[in-house]
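Input: a single structure, listed below in structure tokens.
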């Protein structure tokens, strides 16, 4: 459930994506640095988009688009963000609209980016429980909704939130008629358990594929568009 510290932590996954001819890699929310539990923790983990480009984007292969979750430092505050990295640069950044983490500033509804000619939207973790956000992206033309998650929580909350989290992802797919693809953290530690809610959901609301609660598991899915 810990976060990535540098590109070497992601290198094996990137190599496997290239080997399997993957177009896009989606990582969990706060993939870089891990989930901040306190405001000082958020400050310690925060990085600027430029720093993210220098440390991560320039090492990626040209053929792969990576959506990388991180704590973003800006002059307007700290955000739970997901950067779209391709060709050595950050093409787009989405910021969580309804953050629950200490010290994290609310963002605004993000724009779409294109993967090939396919419009793609990003909703981050708790934002998936707000259908007005996904409706806005679908109305703008999105055909795929990416949802970076970080459901690292205490055991009691894990029991409480496991089904509602899955229901929200499947519900947003059915309402918008979009594919919904999520990437969540996995594993457990004393008193804590990740939900591992990594899914690919069809526009009909059906599960195409999902993972178990095994850290490091890579889910590869072909979407028919």
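The values are calculated or read from the model by the stated rules, or taken from the named source; none is laboratory data. Predicted model, so just to flag it, every value in this text is computed and none were measured. With ideal geometry, Cβ positions are generated from the backbone for all residues, glycine too; neighbour counts draw on all protein chains shown.
Tell me the strands (runs of 3 or more DSSP E) entirely within region 126-225 that contain at least 3 residues that are in contact with a strand residue (DSSP E or B) (Cβ under 6 Å, 6 or more places away or on another chain) and closer than 23 Å to residue 105 by Cβ.
144-148
Mind counting the residues in region 18-40 that are assigned to a helix (DSSP H, G or I) and in contact with a strand residue (DSSP E or B) (Cβ under 9 Å, 6 or more places away or on another chain)?
Going through region 18-40 one residue at a time, the tally reaches 1.
Among the listed residues 24, 115, 85, which satisfies the condition of being over 25 Å from residue 153 (Cα atoms), at pLDDT 95 or above and in contact with a helix residue (DSSP H, G or I) (Cβ under 7 Å, 6 or more places away or on another chain)?
The unique qualifying residue is 85.
Quickly run through region 55-69 and pick out the residues that are within 13 Å of residue 18 (Cα to Cα), assigned to a loop (DSSP other than H, G, I, E, B) and either in contact with a strand residue (DSSP E or B) (Cβ under 7 Å, 6 or more places away or on another chain) or modelled with pLDDT of 95 or more (or both).
60, 64
Taking into account only those residues within region 1-17 that are surrounded by 13 or more Cβ atoms within 10 Å (Cβ to Cβ) and assigned to a helix (DSSP H, G or I), which is modelled with the lowest pLDDT?
9
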